[in-house]
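Below you'll find the structure, written out as structure tokens, and then a few comments.
The values are calculated or read from the model by the stated rules, or taken from the named source; none is laboratory data. Predicted model only: the values in this text are computed from it and were never measured. Neighbour counts are summed over all protein chains in view; Cβ atoms, including those assigned to glycine, are modelled from backbone coordinates with ideal geometry.
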């Protein structure tokens, strides 16, 4: 979750919200890639969660990163809760349990994404090593209980923590015990947005399977390959899911606005204060009918912040966010934007991907979504396995990146970032299954070696 927006322009009517989304339209020449990833901080001694306070805590880590990078601090009261690059680069933020997130800059090529991620991980290691902190990229904490997770001093998370148990059984696990990698991509028109939204919703379970990497809970196999994905099935269904209505006639910016207007809000922010309005809708705010603040009028900041608390498999802001993948190792962090850019930033590949999924019904898409957390590549839709479909979309993504033809200084194109996925499909496996094989083999029934073997 990136930092809160600050734009106090008043919203007068629903059309203002539609217009705000429509401003995301860009010419293809200005298409960019944004990559966000979360990772767990752990103590090198004992493999424990890292608290916020203390000489070896998350606050000290953020202050060290600020000193190293020269980025501006994001403060909440007296607490540093993130950093941002005023020159338009990335931002660093904290998830509720101290998960450390890089929200990357909007970049032109995957080569730049690779440089950004490698630099970030090197910088984090440099600051973290003297603090005796390590980092693990995985979809769910493999050993820690919910009660052991620290709480970050962020007002929005306090409100969400109180609300989540009212609307599902696993929302607190989503907040405190999971990590994801996301990629953000642009659209050239409303119709282009709709096509990309539909393709990416349909194929999001395929990405979940390819990147499945959360097979352990509290030190034992949990029976799933992506338990992070399973958690989302019972987090807060009013704001999550596969959006079947997005495939109906008339889909566009207006339809998304009408959906978002009725998704319950968590909070509104006035000055530095988060005001709990959990359960009321943005429609209520627009009408000045919030119980906590009667007569208060909505601002663009309120709208941007509300959109950031809607959690479907694909999220529309002024770009599209792919939200289906578990966090993982560096090659996985690069493979996700490579997969989606290869499909989305080449018209022939996008058309072929749409041809692949356009015959699937809402029931087909939902049953695939429900099956993938446990079955991953062996789940089926319309008689075809995810393994088969994944192989087909990787061919399309490779072709799209090859035609995109963005080369690094040594002359290599972007297709190499797909190689980790192609090798995985050749082995017919997932990161989760490979972790389980280690657990049942050289790790001898212990998850603790993961903190050495899989750390950044």
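Yes or no: residue 331 farther than 30 Å from residue 28 by Cβ and in contact (Cβ under 8 Å) with a residue 24 or more places away in the chain? So residue 331 fails the test. Based on this model, can you work out whether residue 198 counts as out of contact with any strand residue (DSSP E or B) (no Cβ under 6 Å at 6 or more places or on another chain) and crowded, with 20+ Cβ neighbours inside 10 Å? Spelling it out, residue 198 is indeed out of contact with any strand residue (DSSP E or B) (no Cβ under 6 Å at 6 or more places or on another chain) and crowded, with 20+ Cβ neighbours inside 10 Å. Scanning the range 22-70 for residues that are assigned to a strand (DSSP E or B), over 29 Å from residue 185 (Cβ atoms) and in contact with a helix residue (DSSP H, G or I) (Cβ under 7 Å, 6 or more places away or on another chain) turns up 42, 49.
Examine the range 181-192 for a residue that is surrounded by fewer than 24 Cβ atoms within 10 Å (Cβ to Cβ) and over 30 Å from residue 23 (Cβ atoms), and state whether such a residue exists. No, the range 181-192 has no match at all. Among the conditions (1) in contact (Cβ under 8 Å) with a residue 40 or more places away in the chain; (2) part of a helix (DSSP H, G or I), residue 184 misses just one, which is (2).
Being touching a residue at least 40 places away in the same chain (Cβ under 8 Å) and over 27 Å from residue 409 (Cβ atoms) is a property that residue 93 has. Check the range 342-353 and report whether any residue there is at pLDDT 95 or above, touching a strand residue (DSSP E or B) at 6+ places or on another chain (Cβ under 8 Å), under 22 Å from residue 196 (Cβ atoms) and assigned to a helix (DSSP H, G or I). For the range 342-353, residues at pLDDT 95 or above, touching a strand residue (DSSP E or B) at 6+ places or on another chain (Cβ under 8 Å), under 22 Å from residue 196 (Cβ atoms) and assigned to a helix (DSSP H, G or I): present. Of everything listed in (1) out of contact with any helix residue (DSSP H, G or I) (no Cβ under 7 Å at 6 or more places or on another chain); (2) under 25 Å from residue 272 (Cα atoms), the single unmet condition for residue 7 is (1). The residue list 138, 92 contains one member that is buried (at least 20 other Cβ atoms within 10 Å of the Cβ) and over 15 Å from residue 62 (Cα atoms), which is 138.
In summary, residue 279 fulfils each of the numbered conditions (1) in a loop (DSSP other than H, G, I, E, B); (2) under 24 Å from the mean Cα position of the chain (by Cα); (3) surrounded by 18 or more Cβ atoms within 10 Å (Cβ to Cβ) with the single exception of condition (3).
Among the residues of the range 288-305, is any in contact (Cβ under 8 Å) with a residue 12 or more places away in the chain, farther than 21 Å from residue 392 by Cα and within 18 Å of the chain's Cα centre (by Cα)? Scanning the range 288-305 turns up at least one residue that is in contact (Cβ under 8 Å) with a residue 12 or more places away in the chain, farther than 21 Å from residue 392 by Cα and within 18 Å of the chain's Cα centre (by Cα).
Looking only at residues in the range 242-266 that are surrounded by 17 or more Cβ atoms within 10 Å (Cβ to Cβ) and over 17 Å from residue 306 (Cβ atoms), the one that is nearest to the chain's Cα centre (by Cα) is 242. Only residues that are crowded, with 23+ Cβ neighbours inside 10 Å and farther than 16 Å from residue 129 by Cβ were counted in the range 39-58, giving 1. Count of the range 71-87 residues, restricted to those that are under 22 Å from the mean Cα position of the chain (by Cα) and either part of a strand (DSSP E or B) or under 14 Å from residue 124 (Cβ atoms) (or both), is 5. Candidates 17, 61, 8, 33: the one that is over 30 Å from residue 214 (Cβ atoms), touching a residue at least 40 places away in the same chain (Cβ under 8 Å) and buried (at least 18 other Cβ atoms within 10 Å of the Cβ) is 17. Looking at (1) within 30 Å of residue 43 (Cα to Cα); (2) surrounded by 12 or more Cβ atoms within 10 Å (Cβ to Cβ); (3) without any contact (Cβ under 8 Å) to a residue 60 or more places away in the chain, which one does residue 445 not meet, given that it meets all the others? The single condition residue 445 does not satisfy is (2). Could you tell me whether any residue of the range 404-416 is under 19 Å from residue 209 (Cα atoms) and not in a loop (DSSP other than H, G, I, E, B)? The answer is no, given that none of the residues of the range 404-416 is under 19 Å from residue 209 (Cα atoms) and not in a loop (DSSP other than H, G, I, E, B).
For the range 308-350, residues that are more than 19 Å from residue 120 (Cα to Cα) and over 14 Å from the mean Cα position of the chain (by Cα) total 12.
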